[in-house]
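Chemist: My questions will all concern the structure given below.
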């Protein structure tokens, strides 16, 4: 049986989760954590547990109720008010050596909440437990990754040098735009992934998606996909993806020119604004270039993710 958590079970649930990650005093930490929650009833409703069936021959309801849950997860569904298509999972735990029950629980939660992408944060999960969770969810299409946060203050934009011409996305060139991005990334972009990229950081803003050209009479040399979290002179932008075409992939110069051109474009509307990104550690070259331009680079955050194809 899979059911949501009752509010009076929240301390017990958190203690299970803290014990799973190896905390020395899970019950004490759980009690302190619950006191700080603004709405324990709401938080409990977002938690789910798997309760195994009572043994054959124990048909009474009392026997079934006496069986303790063996796995749990907290689900933060996409927020329709901000057009966020990602379902976020946290506080994973299971007991015993078999993670199959945890996989069953996650599958149920995914069915309950409409979503396009799923992310399970593993920041506080020890390596051995993270490996067990990865084993449980690999068959469901989850992949391990490490997301590195980056941030840049637009008041500190360095000199532009040789700018690139940025041309914004238009509906009539969507196919050509998508073909170029897929070629630059050397991976197919299905309908689901393309739709998710457009709304990965809120409502799709066409003028923040662009192809980059040295001159408009020549083929594009790069692309940038971004969203806007806040408008105004101190607005905030979210960089979803950026890259250059295959002929320029071996050099950092073109990508650096693209990044600087994009930052100056952002600074034009939000000179006191900020750009944030969370990029995969699988592309250390991109992270290094952004760092060289002036981005603050944080520590990687391990996750299990399932993105649309």
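Chemist: Do you know which residues across region 149-186 are touching a residue at least 40 places away in the same chain (Cβ under 8 Å) and assigned to a helix (DSSP H, G or I)?
Modeler: Across region 149-186, the qualifying residues are 154, 155, 156, 177, 180, 181, 183, 184, 185.
Chemist: Checking residue 208 against (1) assigned by TED's automatic domain parsing to the domain that holds residue 264; (2) under 20 Å from residue 281 (Cβ atoms): exactly one of these is not met. Which one?
Modeler: It fails just one condition, (2).
Chemist: I've got another one for you. Among the listed residues 28, 72, identify the single one that is under 26 Å from residue 113 (Cα atoms), outside the structural domain of residue 200 (by TED's automatic domain parsing) and at pLDDT 90 or above.
Modeler: 72
Chemist: May I pose another question? For the list (1) touching a strand residue (DSSP E or B) at 6+ places or on another chain (Cβ under 9 Å); (2) more than 30 Å from residue 271 (Cβ to Cβ); (3) not in a helix (DSSP H, G or I), I need the number of the one condition that residue 189 fails.
Modeler: It fails just one condition, (1).
Chemist: If you scan region 216-234, which residues turn out to be in contact with a strand residue (DSSP E or B) (Cβ under 7 Å, 6 or more places away or on another chain) and either modelled with pLDDT under 95 or outside the structural domain of residue 266 (by TED's automatic domain parsing) (or both)?
Modeler: Those that are in contact with a strand residue (DSSP E or B) (Cβ under 7 Å, 6 or more places away or on another chain) and either modelled with pLDDT under 95 or outside the structural domain of residue 266 (by TED's automatic domain parsing) (or both): 216, 227, 228, 229, 230.
Chemist: Okay, moving on. Might you check whether a residue that is surrounded by 19 or more Cβ atoms within 10 Å (Cβ to Cβ), at positive phi, assigned to a strand (DSSP E or B) and touching a residue at least 12 places away in the same chain (Cβ under 8 Å) occurs anywhere in region 94-108?
Modeler: No, region 94-108 has no match at all.
Chemist: Next question. Of the residues that sit in region 17-54 and are touching a residue at least 60 places away in the same chain (Cβ under 8 Å) and over 23 Å from the mean Cα position of the chain (by Cα), which one is surrounded by the fewest Cβ atoms within 10 Å (Cβ to Cβ)?
Modeler: Going through the qualifying residues, I end up with 22.
Chemist: Could I ask something else about it? Just wondering, is there one or more residues in region 283-302 that are surrounded by fewer than 18 Cβ atoms within 10 Å (Cβ to Cβ), more than 18 Å from the chain's Cα centre (by Cα) and in a loop (DSSP other than H, G, I, E, B)?
Modeler: Looking for residues that are surrounded by fewer than 18 Cβ atoms within 10 Å (Cβ to Cβ), more than 18 Å from the chain's Cα centre (by Cα) and in a loop (DSSP other than H, G, I, E, B), one finds at least one in region 283-302, hence yes.
The values are calculated or read from the model by the stated rules, or taken from the named source; none is laboratory data. The model shown is predicted, which means the values in this text are computed figures rather than measured ones. Counting neighbours? That spans all protein chains shown, and the Cβs are built from the backbone with ideal geometry, glycine included.
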